[in-house]
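The values are calculated or read from the model by the stated rules, or taken from the named source; none is laboratory data. Quick caveat, the model's predicted, so the values are computed rather than measured. Don't worry about glycine lacking a Cβ; one is built from the backbone with ideal geometry, like all the others, and counts go over all protein chains shown.
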Amino acid sequence: MSKTIMGKDAYWMNFFGLMLLTLIEVAAVGTDLGPTAEGFDMTERQLTLWILTIIAIPKFMMIAAIFMHLWGENDSGILTLTALFPAFFIIIMVLFIGLTHPEAATGLPAWCRPGTYGL
Amino acid sequence: MERSTVSRRLVLISLLAMAMIVVPAVTSLPSGISGVKDTGCNCHGTEASPSVTASISGLPETYNASETYAVTVSFTGGPSTDGNANLGGFNLWASDGTLATLDSSAQLWSPNEASHTTEGNDQRSWNLEWIAPDSGVDVEFILHTNSVNGNEGDSGSSGDEWDRAQTTVLGFGPNVLPDADPFKVLATLIIISTVLLSIIVLYVFYRNNPDGFEWARFAPWITEWLTSTDHKKIGTLYFVQGLFFLGVGGIMALMIRVQLSSPGNDFITQEYYNQFFTLHGTTMIFLAAMPLIAGFANWIVPLQIGAPDLAFPRLNALSFWLQPVAALLIFTGVFSGAGADTGWTGYAPYVVSENTHAGVSMWAAGQIMLVASSTLTGINFLTTIAVMRSPGMGWFQMPLFTWSILVANLMLFLSIPAFGVGLIQVYLDRTIGTGFYDVAAGGDPLLWSHLFWYFGHPEVYVVIVPAFGVISEVIATSARRSIFGYKSMVYAMAGIGLVSFIVYGHHMFTSGMSPTLRFVTMLTTMLVAVPTGIKIFNWLKTMHGGSLVYRTHTLWTLGFLVTFTLGGISGMFFPSMAMDVHLHETYFVVAHFHYVLVGGTVFGFFAAIYYWYPKMTGRMLDERLGVLHFLTAFISYNALFWPMHRLGVVGMIRRTHTYYITTDDIQALPEWAADWNMLISMSAFLFFASNLLLVVNMIKSLVRGEKAPADPWGGWSFEWMTSSPPPTPSFDPHNLPMLKDANEHVANEPGRLGQMFRRLMVSDDAPEEGSH
Amino acid sequence: MSDDYGHDDHPSPWGPHDWGHGAPHNSFAPLILSIGVGLFLLMVGGLFTFGEFDGRYLPMVFVALAVIAAAIVVWWRQDMSFDGSYEPRARGVPFKNIQIRKVGVWVFLMSEMMIFSSLFSTYMRYRQGIPRCDTIFESGDWVEGVAVNCFEPASQLIASSWWHIAPGAINTFALIISSFTIVQALRWAHKPVGSVDEDVRRKRIYRYLGATWCLATLFLTLKMIEWFIGFHVPEIGFLGIHEHEIHSLYSEGYLINNDHYQAHHYIDEATGAHMVANIQVSASLFYVTTGTHGLHVFGGIIGLSYLTYKAWTGAYNPQSAVSIEYFGLYWHFVDLVWVLVFPFFYLY
């Protein structure tokens, strides 16, 4: 219960960190990122998505590790494993349901469409 | 007729009628035509012609019972002119009563249908007789007349024009009742069922203790059952619910089989067929198989792992009570003739179409509750098995039935949220009008198939894996030796569980889903045969090394091995995409999944009933009745489902309410298909009747069965150490049984991977935190 | 009922339960709850049919909710006497000595993860499969008056200005703060007996829990403002803010049944032509996914009401503190989901 980060109380530090990251998120959406995005050779929307995704990951881990006690306690190891157990099934679901689209035959690569069987 | 069997005659009669319906274009003009009451004389032109006027005269406004009326049908106009070779023809259809001809100008196709003959095709009016029915219902007449120009070319049908006339003769009796208010019907049914249920409950209460019968004891007794959180009582409730709905689903199957026993049958209408067919599937999977699994799991798992009860007894009670309420919702529509008619898969976009019956919303709502129930069951069993094994019982000392429940619940638990989300989407689409599956708004029907089968495929393993567990227990006990290859059995089940999530796409090969996904699921589906094969060979090897004792449960287990293997083999045709495209919509699929679900799951549970019934009730079942049950059921079951393979291969379509046969090779099924269907239907009745033997056996042994010892079969897992029936709580919480494995050996030492996992776990020698 | 081991125990199925004898043997709550849920689903099915509202069923919906509430009350009456003395722990690997309830909560969270994965998969599928409205607008591949099927993310409206995004952003902070207040409540409950004054402990716990309750309610209130009500920005001269209305999503026409969605940013300036869009799918996705999350928050409010009341009676001490922890796990999970929902539904 008395874990610390950099000498300060872990809950407080976590709280401040989360607030900061969220502020960055909101700012990233509100700010005009157009010129920056061109530098990365992508649209502003893509850049925003990247920023949001990258920030969401540490936020996710901070809440799980500190608020949900998956870090530094006696039972953290096995409970982390428990929490990660559905990962495989989530990946399958996202791959099979989320990322397949119903174009069917027109979505086939050219080499397996009718007329090109001879390779 | 050389073979004067009933079915043969039926075939011939139906053949005559059906051949006409199916191919109206072949038998055309001169000799009259049947089966055109809905389509019209469409070989003479797709639309009725305004220049022809058909009329019926001689019919009364209201008829008298059994009176004979002279009817004249005629037409005017059209190309029919005097001097033509032919003038015209007619077809008259009456919904009731009997038609009769007066001369050779007209002929009867059936008592309800008449048309002209070759001789009668050069006139414009025909005389007939109609004998009124004595039922008093309204009778509808549909007349088609064809005005012909008498040409020879183009089968003589070009240039002809036709018309349709329709009239209704009122019956003398009370008119057909207006459509009932669904809520009144439902209320009536609820009241009737409540009264029936109360009577049964009172009788059970009386039988419970006939000598000490006293009304004052009734309230506590019934409260105990309604509120109990004891795993054994809840198990019994599940068990009763499961068997009840097994019967209900069976009766629906019988209705379906009567309808399909002969081609073109109209025993139940398409409308009702669809409802029975939908509810048969939903009932059997969700309200019969799943509660039976949950019943056995509730009863046996805590006993097998030496736990006093489940981890969350109140949640356990909640998972049960959600089920009967959900069942009521699922059946809501059918009481008022508006039950779900989507098939148990409820494919989008039809499931959200306004053309479906109103009951579909409640069918979805009921299943949402079942999803909640299964989720709670999952939490309970996963936690119980993970944390409440008795001291000394490691993961690899758990009995295989407990393992099977663990694997099944893991699969169910992780897959059913997808189904729940899909159902909520459907429910919201049908209620508040969201657009998830609205194709016009860009909704994707395939999404439903994905969500459904992401759950649905693990689900079919959820119902078979516990049967594997039962078979492993029974075969080891009966062969008087430990199961062959215990670890490989566990890994095989876990493998089936893991792979089940990747293979679900094989249900959707013909749906137009992503081709890449099709390829992946095709390969992984074939992979399923490997762990399943391992299990089969392990069972065979267990028998090979043991000395088998033939009890009823052993017979069912042997039956399971045969039928499940056959079902597994027929299953191996589907992963091959090209094969699947041919077989997908045929009875071959019906045969396959009934072979694995009935021959697998149900046979497994019959074995379980014969095996554990003495433990659950403290009474032995009658072995002679049991063997009779097995023999009759096994034979009739195979006669019921085996012919479906053949019907499927020749292309009998599933999901439809009827089928047609013909001598024409291409048009429909061959003639012998009707014979086989008749055999299937008769076997279905036999199979149903044979299972009543089980019910009789159970009731009989409850009333005056032989008292069961603690361990009647010589089993050695924990449940046989308690008395029959077991005490409550099942084990003294302060004095739990301790497992000491005589075969403890070096194989239980963890490998490198095991050591890695072990580091993440709380070790055995961690200090006890607090007390309990 | 007395059991077969001689423990004589007669708890009422209506509660309160005597936890000294282990978990409840009898409870009416499951039966009543099932009936309530069934009745609720049945009556909602009557209340709306394909978007048509039929008010005759409304009273029965409230009856159903009352039945559910009654069941929860029975459940809580049994739990109210729980003092933490009955806290069975796991035997054997891998959870040895971890509280069984804690394992149960984590197992429950596994299923929650799958629920939200399903919703996100649905979202990804549609987001990928349906072209965006602004892409179609810019391509000029549309005709005035004919609705086009396209995906209009709610962020088009929500992220269009700082004022529009304000409720969502405040909500994000509200959830993070509430996650923090609930761990503070847990910390106070955990402080060893004797190290703090018991009354101070009681006050701290129920105030922190109460604060969590308030923040959760704020979350739902702001959500309603954003969805249905909208708000008014007053004239603040020195900041250069002019008086204007912030419209709710409802009044902007961002609705699940809107197949003729017209937005001001889809007007061709050259010709003055309007593009109309069928946005039923995108609106359904937005409302159902964020609504599912909102329902979880609502469930949390219900749970918090119980916890706060029980804390007010001073029932939490180091022995029973774990109850707050288990609820906290759920609550943090709801926060976690928001961490994903907020960027992908409100910002992107």
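Please indicate, with yes or no, whether at least one residue in the range B:568-586 is part of a loop (DSSP other than H, G, I, E, B) and of a type in the set (Asp, Glu). Break it down stepwise before answering.
From the range B:568-586, those part of a loop (DSSP other than H, G, I, E, B) are B:572-576, B:584-585; that's our starting set.
Subset that is of a type in the set (Asp, Glu): B:585.
Looking for residues that are part of a loop (DSSP other than H, G, I, E, B) and of a type in the set (Asp, Glu), one finds at least one in the range B:568-586, hence yes.
Would you check if B:GLY392 is farther than 17 Å from B:ILE285 by Cα and of a type in the set (Gly, Ala, Ser)? Here the answer is yes, as B:GLY392 does meet what is asked.
Going by the conditions given, is C:VAL297 in a helix (DSSP H, G or I), in contact with a helix residue (DSSP H, G or I) (Cβ under 7 Å, 6 or more places away or on another chain), within 14 Å of chain B (Cβ to nearest Cβ) and aliphatic (A, V, I, L, M)? Spelling it out, it is not the case that C:VAL297 is in a helix (DSSP H, G or I), in contact with a helix residue (DSSP H, G or I) (Cβ under 7 Å, 6 or more places away or on another chain), within 14 Å of chain B (Cβ to nearest Cβ) and aliphatic (A, V, I, L, M). Can you give me the number of residues within the range C:235-264 that are among the aliphatic types (A, V, I, L, M) and within 11 Å of C:LEU157 (Cβ to Cβ)? Residues in the range C:235-264 being among the aliphatic types (A, V, I, L, M) and within 11 Å of C:LEU157 (Cβ to Cβ): 3 in total. Kindly provide the set of residues from the range A:1-27 that are within 8 Å of chain C (Cβ to nearest Cβ) and either modelled with pLDDT under 80 or within 20 Å of C:PHE345 (Cβ to Cβ) (or both), ordered by number. Residues satisfying the conditions are A:MET1, A:LEU18, A:THR22, A:GLU25, A:VAL26. Of all residues in the range B:406-459, those satisfying the criterion of being within 9 Å of chain C (Cβ to nearest Cβ) and of a type in the set (Asp, Glu) are B:ASP429, B:ASP438, B:ASP444.
Looking at the structure I just gave you, is C:PRO167 under 29 Å from C:PHE219 (Cβ atoms) and more than 10 Å from chain A (Cβ to nearest Cβ)? If you could, list the steps in order and put the result at the bottom.
Values: under 29 Å from C:PHE219 (Cβ atoms): yes; more than 10 Å from chain A (Cβ to nearest Cβ): yes.
Criteria met by C:PRO167.
Return yes when C:PHE298 is hydrophobic (A, V, I, L, M, F, W, C), surrounded by fewer than 18 Cβ atoms within 10 Å (Cβ to Cβ), touching a residue at least 24 places away in the same chain (Cβ under 8 Å) and under 22 Å from A:PHE67 (Cβ atoms) and no when it is not. Against the criterion (hydrophobic (A, V, I, L, M, F, W, C), surrounded by fewer than 18 Cβ atoms within 10 Å (Cβ to Cβ), touching a residue at least 24 places away in the same chain (Cβ under 8 Å) and under 22 Å from A:PHE67 (Cβ atoms)), C:PHE298 qualifies.
Between B:VAL360, B:VAL371, B:VAL351, the distinction of being out of contact with any Pro (no Cβ under 6 Å at 6 or more places or on another chain), assigned to a helix (DSSP H, G or I) and more than 11 Å from chain C (Cβ to nearest Cβ) belongs to B:VAL351 only. Going by the conditions given, is C:SER118 more than 8 Å from chain B (Cβ to nearest Cβ) and among the hydroxyl-bearing types (Ser, Thr, Tyr)? No: the conditions fail for C:SER118. Checking C:THR271, C:THR292 one by one, the residue that is in the same structural domain as C:ILE158 (by TED's automatic domain parsing), under 12 Å from the mean Cα position of the chain (by Cα) and either of a type in the set (Ser, Thr, Tyr) or assigned to a loop (DSSP other than H, G, I, E, B) (or both) is C:THR292 and no other. Inspection of the range C:182-192 identifies at least one residue that is buried (at least 21 other Cβ atoms within 10 Å of the Cβ) and facing another protein chain (nearest Cβ under 7 Å).
Go through the range B:484-503 and give me each residue that's of a type outside the set (Val, Ile, Thr), more than 8 Å from chain A (Cβ to nearest Cβ) and within 26 Å of the chain's Cα centre (by Cα). Working first, answer last.
Taking the range B:484-503 first, the residues of a type outside the set (Val, Ile, Thr) are B:484-489, B:491-495, B:497-498, B:500-501.
In the following step, the residues that additionally are more than 8 Å from chain A (Cβ to nearest Cβ) were identified as B:484-489, B:491-495, B:497, B:500.
Result: B:MET493, B:GLY497, B:SER500.
Considering the conditions (1) surrounded by 18 or more Cβ atoms within 10 Å (Cβ to Cβ); (2) at positive phi, C:GLY51 is excluded by exactly one of them, (1). Answer yes or no as to whether C:SER12 is modelled with pLDDT of 80 or more, within 27 Å of B:PRO324 (Cβ to Cβ), within 7 Å of chain B (Cβ to nearest Cβ) and out of contact with any Gly (no Cβ under 6 Å at 6 or more places or on another chain). In short, no. Taken over the range C:128-141, the criterion of being part of a helix (DSSP H, G or I) and either out of contact with any strand residue (DSSP E or B) (no Cβ under 7 Å at 6 or more places or on another chain) or facing another protein chain (nearest Cβ under 9 Å) (or both) is satisfied by C:GLN128, C:GLY129, C:ASP134, C:THR135, C:GLU138, C:SER139.
Quick one: would you say B:ASP309 is assigned to a loop (DSSP other than H, G, I, E, B), crowded, with 24+ Cβ neighbours inside 10 Å, within 14 Å of chain C (Cβ to nearest Cβ) and of a type in the set (D, E, K, R)?
Numbers: assigned to a loop (DSSP other than H, G, I, E, B): yes; crowded, with 24+ Cβ neighbours inside 10 Å: yes; within 14 Å of chain C (Cβ to nearest Cβ): yes; of a type in the set (D, E, K, R): yes.
Spelling it out, B:ASP309 is indeed assigned to a loop (DSSP other than H, G, I, E, B), crowded, with 24+ Cβ neighbours inside 10 Å, within 14 Å of chain C (Cβ to nearest Cβ) and of a type in the set (D, E, K, R).
Scoring B:TRP344 on the criteria (1) in a helix (DSSP H, G or I); (2) farther than 17 Å from B:THR229 by Cβ leaves a single failure, condition (1).
So is B:TYR613 in contact with a strand residue (DSSP E or B) (Cβ under 8 Å, 6 or more places away or on another chain), in contact (Cβ under 8 Å) with a residue 40 or more places away in the chain and of a type in the set (Phe, Trp, Tyr) or not?
Numbers: in contact with a strand residue (DSSP E or B) (Cβ under 8 Å, 6 or more places away or on another chain): yes; in contact (Cβ under 8 Å) with a residue 40 or more places away in the chain: yes; of a type in the set (Phe, Trp, Tyr): yes.
It is true that B:TYR613 is in contact with a strand residue (DSSP E or B) (Cβ under 8 Å, 6 or more places away or on another chain), in contact (Cβ under 8 Å) with a residue 40 or more places away in the chain and of a type in the set (Phe, Trp, Tyr).
Give me the pairs: first residue in the range A:67-92 and facing chain B (nearest Cβ under 8 Å) and in contact (Cβ under 8 Å) with a residue 60 or more places away in the chain, second residue surrounded by fewer than 17 Cβ atoms within 10 Å (Cβ to Cβ) and part of a helix (DSSP H, G or I), beta-carbon distance under 7 Å, and six or more apart or on different chains, which are they? No pair meets every condition. Checking each residue in the range B:379-409 for being touching a Leu at 6+ places or on another chain (Cβ under 6 Å) and modelled with pLDDT of 90 or more picks out B:ASN380, B:THR384, B:ILE385, B:ASN409. Each residue in the range C:68-104 was checked for being assigned to a helix (DSSP H, G or I) and facing another protein chain (nearest Cβ under 9 Å), and 7 pass.
Taking the range B:194-239 as the region of interest, how many residues are more than 14 Å from chain C (Cβ to nearest Cβ) and either exposed (fewer than 14 other Cβ atoms within 10 Å of the Cβ) or without any contact (Cβ under 8 Å) to a residue 40 or more places away in the chain (or both)? Can you show your working first?
Looking only at the range B:194-239, we keep the residues that are more than 14 Å from chain C (Cβ to nearest Cβ), and these are B:195-216, B:218, B:235-236, B:239.
Then drop every residue that is not either exposed (fewer than 14 other Cβ atoms within 10 Å of the Cβ) or without any contact (Cβ under 8 Å) to a residue 40 or more places away in the chain (or both), which leaves B:195-216, B:218.
So the count comes out to 23.
Taking the numbered list (1) within 30 Å of B:VAL352 (Cα to Cα); (2) buried (at least 24 other Cβ atoms within 10 Å of the Cβ); (3) in contact with a Ser or Thr (Cβ under 9 Å, 6 or more places away or on another chain); (4) more than 8 Å from every other protein chain (Cβ to nearest Cβ) in turn, B:PRO399 passes all entries but (1). Annotation note: of C:GLU198, C:GLU226, C:GLU235, the sole residue that is surrounded by 15 or more Cβ atoms within 10 Å (Cβ to Cβ) and away from chain A (no Cβ under 14 Å) is C:GLU226. With respect to (1) assigned to a helix (DSSP H, G or I); (2) surrounded by 13 or more Cβ atoms within 10 Å (Cβ to Cβ); (3) without any contact (Cβ under 8 Å) to a residue 24 or more places away in the chain, the lone exception for A:GLU38 is condition (2). Contact map, the range C:308-322: first residue closer than 14 Å to C:ASP79 by Cα, second residue among the aromatic types (Phe, Trp, Tyr) and outside any helix (DSSP H, G or I), Cβ cut-off under 9 Å, separation 6 or more or different chains; pairs are C:LYS310/C:PHE82; C:LYS310/C:TYR316; C:ALA315/C:PHE82; C:SER320/C:PHE82.
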